[in-house]
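K.L.:
Dropping a structure here in structure tokens format, bear with me for questions.
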Amino acid sequence: MQVHTLLSPDLILLNLQASTPEEVLREISRFMEDRKIVKNGKKLFQRLLAREKLGSTALPGGIAVPHCKMEELETPVLSLAISREGVDFNSPDGQPTYIFFTAVSPISPPNLHLQVLAAIAKLARKGKKSLVEKLLNAKTPEQAYEIIRDEEMQEGDEE
């Protein structure tokens, strides 16, 4: 599984305005509801917030992966939000978070959610800091999508 196969330019929020973790999750939830990815943005927000309270989903290097499961879904959905200013998202390295991959999966099968998270983790590890820098420089959602696709396709990474 690859991130770019779950993402499309219309699921990319290029200029996230939020400045706190709670605002980030609320803005992403509204965005996903507006795009008809989920039916109930408030419910999505509550699920993402509950997951975040278990422990930050931020990774070192400026990327976070807020995630949860929802009954209404049949397939996993993914959005990407980019914060130009960065947000204190309780990252283990103490640095701001700029890139938010939000993954929402159906309840069943449970391993599907893990596959989505593993694909995001693989992309984050592979791209490291250059991925964050490239995405911060993206001028359009289409450009951000191409950056992710190109990053995954490098070095014969197709699955």
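K.L.:
What are the ³J(HN,Hα) values, in whole Hz, obtained from phi via the Karplus relation 6.51 cos²θ - 1.76 cosθ + 1.60 with θ = phi - 60°, for each residue of region 4-11 in sequence order, with x given for Gly and Pro?
P.N.:
Whole-Hz 3J(HN,Hα) from phi for region 4-11: 5, 6, 9, 10, 8, x, 6, 9.
K.L.:
Starting from the Cα of residue 122, step 7 Å toward the Cβ, then list every residue of region 1-33 with an amide N under 15 Å from that point.
P.N.:
Correct set: 1-7.
K.L.:
A 20 angstrom limit on the alpha carbon distance is what I want to check against. Which of 42/139; 42/69; 36/69 exceed it?
P.N.:
Flagged as over cut-off: 42/139.
K.L.:
Additional query: Using Cα pairs under 8 angstrom and six or more residues apart, how large is the relative contact order of region 61-133, in percent?
P.N.:
Relative contact order for region 61-133 comes out at 40 percent.
K.L.:
Please list the non-local residues whose amide H lies under 5 Å from the amide H of residue 59, H modeled 1.01 Å from N, same-chain partners needing a gap of 5 or more.
P.N.:
The list, which skips near neighbours in sequence, is 64, 65.
K.L.:
Under 8 Å for C-alpha pairs, at least 6 residues apart: give me the relative contact order for the chain, rounded to a whole percent.
P.N.:
With pairs under 8 Å counted, the relative contact order is 29 percent.
K.L.:
According to a simple spin-label model (label point 7 Å from Cα along Cα-to-Cβ), what is the distance in nm between residue 15 and residue 84?
P.N.:
Label-label distance for residue 84 and residue 15, simple model: 0.6 nm.
K.L.:
Can you return the aspartates and glutamates within cross-link range of residue 39? Criterion is Cα-Cα under 16 Å, with same-chain partners fewer than 8 residues away left out.
P.N.:
Residue 39 reaches 27, 71, 72, 74.
K.L.:
I would also like to ask the following. Gaussian network model of the chain, Cα springs within a sub-10 Å range: biggest mean-square fluctuation belongs to which of 118, 64, 144?
P.N.:
So, out of 118, 64, 144, the one fluctuating most is 118.
Where a number appears in this text, it was derived from the coordinates with a stated rule and is not lab data. These numbers come from a predicted model, not from an experiment. Please note: Cβ atoms are built from the backbone with ideal geometry, for glycine as well, and neighbour counts cover all protein chains shown.
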